[in-house]
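**Q** Let me begin by handing over the structure; questions about it come next.
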Amino acid sequence: MSYSLSWLHQNTQANKTAILVPFFNEAGNGTHFKQRLAYFDTLASSLPAEIDIILIDDGSSDNPQQYVSAHYQRLSVASVSPNGQKIGALQRTIEALDHEYIIFTDFDTELENLAQLTHTYSKLAADENCMGCYFKMMPIANSKPVVQFQLLEYALERAAYHFNANEGSVPIMPGAGCLYKRPIIEALLARHSGLRSGEDRETCLLGIEQGYTVFYEAEVVAMTAPPQSFWALYQQRVRWSRGFIEVAINKSDFYGQQMRKKTVLGRRHLLDIISVSTFLIAPLLLLFLFLLNETVGWGFLGVWSLIGIIETYAVYRVAKQEFKQLPQHRWQLVLMPFARLLLEVPTWWSVSSAMIWQKLRSRSTV
């Protein structure tokens, strides 16, 4: 499908880096929308010689152009139509740019320490085989338990990055905070399947499949707005989990190759498969064991909990520096496996059952 691009307000003056911020139907809350436009304009003005920030309206139906002012000092706003499911919008916009680097972020994410990019550029220029880097992802903190859980969860994920450091790989370059060399990302998006739920995971894997490497740029921080309720978090994880399954199926040959080669990426994918299988099977097994013998059931639950705690602390020990900003994180880590259980079991059951049902329905209509 072809997409058309028009500029609601163009102010591209730099040629080093373009920060792309796709959005869809965000203008319903006019006050918040204008606040975000003002934030990105201020951010672009902080490094005027280095970065352009381009917000991309991906076929919105809530008339965002009414809030786009000609008085923005450095912000650009583009419109892509029809809706490109994010990948189409990003690809069409990149085709119209000639910057050296492309940064992806989200509409409700705030980027910090962009001045550090000077050192990032040096690393990238020194290695033609490196396609980009991913930033330090951190939820914007508050005292809500669901947000505290995500702070710890994100820290564990950042610690897990360090397993891949020597290999130059990562399972996913987060779409809310990562940087690519423009010619490489343009080529990768041209080969993208267009699947929406796991688009950033697939983009990253396409590059690694071609032999490119990536690195973790911990000095540049992407502060993301986390879900504020368990229900919102559950809905977010349903989307993410669906994306994981879609990409796992779509890139099954590549994942199989990585597992046979025993790469870190392959081993992590194998662990992910085991984790997902555990969340799907273990509750049924636990119920069966309790019905069979209560002592056996409690014993199984104890062993399962112990394995989860050991796994959590093993990741924690790899990069303790990722937890420095989290008070009382040591005892919270003990609770992490139980919190994950409450979230992951309903998530994976919901996603798996929905995808199986969808598959059965599609076969019945053939």
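The values are calculated or read from the model by the stated rules, or taken from the named source; none is laboratory data. This structure is a prediction, so every number in the text was calculated from the model and none was measured. All Cβ positions, even for glycine, are placed from backbone atoms using ideal geometry, and neighbour counts span all protein chains on display. These accessible areas exclude ligands, DNA and RNA; they are computed on the full protein's heavy atoms, side chains included. Shrake-Rupley method; radii C 1.70, N 1.55, O 1.52, S 1.80 Å.
**Q** Please pick out the residue among 73, 85 that is touching a helix residue (DSSP H, G or I) at 6+ places or on another chain (Cβ under 7 Å) and of a type in the set (S, T, N, Q).
**A** 73
**Q** Now, a different point. Which of the residues spanning region 294-334 are free of Cβ contacts under 8 Å to residues at least 24 places away in the same chain, surrounded by 13 or more Cβ atoms within 10 Å (Cβ to Cβ) and over 21 Å from residue 281 (Cα atoms)?
**A** 313
**Q** In region 283-295, is there at least one residue being over 22 Å from the mean Cα position of the chain (by Cα), outside any helix (DSSP H, G or I) and at pLDDT below 95?
**A** Yes.
**Q** From 159, 78, 155, 89, which residue is buried (at least 17 other Cβ atoms within 10 Å of the Cβ), in contact with a Pro (Cβ under 7 Å, 6 or more places away or on another chain) and not in a loop (DSSP other than H, G, I, E, B)?
**A** Checking each option against the conditions leaves just 89.
**Q** Those residues that are charged (D, E, K, R) and surrounded by 16 or more Cβ atoms within 10 Å (Cβ to Cβ), I need them from region 23-44; list them, please.
**A** Once the filter is applied, which keeps residues that are charged (D, E, K, R) and surrounded by 16 or more Cβ atoms within 10 Å (Cβ to Cβ), region 23-44 yields 26, 36, 41.
**Q** Same structure again: Starting from residues that are surrounded by 20 or more Cβ atoms within 10 Å (Cβ to Cβ) and polar (S, T, N, Q), keep the ones in region 239-267 and report whichever is nearest to residue 280 (Cα to Cα).
**A** Of everything passing the filter in region 239-267, 241 is nearest to residue 280 (Cα to Cα).
**Q** Take the residues in region 92-115 that are part of a strand (DSSP E or B) and of a type in the set (A, V, I, L, M); name whichever of them is nearest to residue 44 (Cα to Cα).
**A** My answer is 111.
Rundown of residues vs (1) assigned to a loop (DSSP other than H, G, I, E, B); (2) not β-branched (Val, Ile, Thr), yes/no style:
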{"residue": "313", "(1), (2)": "no, yes"}
{"residue": "326", "(1), (2)": "yes, yes"}
{"residue": "334", "(1), (2)": "no, no"}
{"residue": "337", "(1), (2)": "no, yes"}
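**Q** For region 211-231, check the following and say yes or no: at least one residue is over 20 Å from residue 164 (Cα atoms), open to solvent by less than 40 Å² (accessible area, probe 1.4 Å), in a strand (DSSP E or B) and touching a helix residue (DSSP H, G or I) at 6+ places or on another chain (Cβ under 9 Å).
**A** Yes, because at least one residue in region 211-231 is over 20 Å from residue 164 (Cα atoms), open to solvent by less than 40 Å² (accessible area, probe 1.4 Å), in a strand (DSSP E or B) and touching a helix residue (DSSP H, G or I) at 6+ places or on another chain (Cβ under 9 Å).
**Q** Looking for whichever is modelled with pLDDT under 95 and either closer than 28 Å to residue 262 by Cα or more than 19 Å from the chain's Cα centre (by Cα) (or both) here; the options are 160, 187, 141. Which one fits?
**A** 160
**Q** Which residue is modelled with the lowest pLDDT, if the candidates are limited to region 6-54 and must be of a type in the set (S, T, N, Q) and touching a Phe, Trp or Tyr at 6+ places or on another chain (Cβ under 7 Å)?
**A** 11
**Q** May I pose another question? Among the residues that make up region 136-146, is at least one of them of a type outside the set (A, V, I, L, M), open to solvent by 60 Å² or more (accessible area, probe 1.4 Å), more than 22 Å from residue 209 (Cα to Cα) and touching a residue at least 12 places away in the same chain (Cβ under 8 Å)?
**A** Yes - at least one qualifying residue is present in region 136-146.
**Q** Of the residues 254, 279, only one is touching a helix residue (DSSP H, G or I) at 6+ places or on another chain (Cβ under 7 Å), at pLDDT below 95, more than 30 Å from residue 119 (Cα to Cα) and part of a helix (DSSP H, G or I); which?
**A** Result: 279 is the single residue among 254, 279 that is touching a helix residue (DSSP H, G or I) at 6+ places or on another chain (Cβ under 7 Å), at pLDDT below 95, more than 30 Å from residue 119 (Cα to Cα) and part of a helix (DSSP H, G or I).
**Q** Could you say whether any residue in region 348-365 is open to solvent by less than 60 Å² (accessible area, probe 1.4 Å), among the β-branched types (Val, Ile, Thr), in contact with a Lys or Arg (Cβ under 6 Å, 6 or more places away or on another chain) and part of a helix (DSSP H, G or I)?
**A** yes
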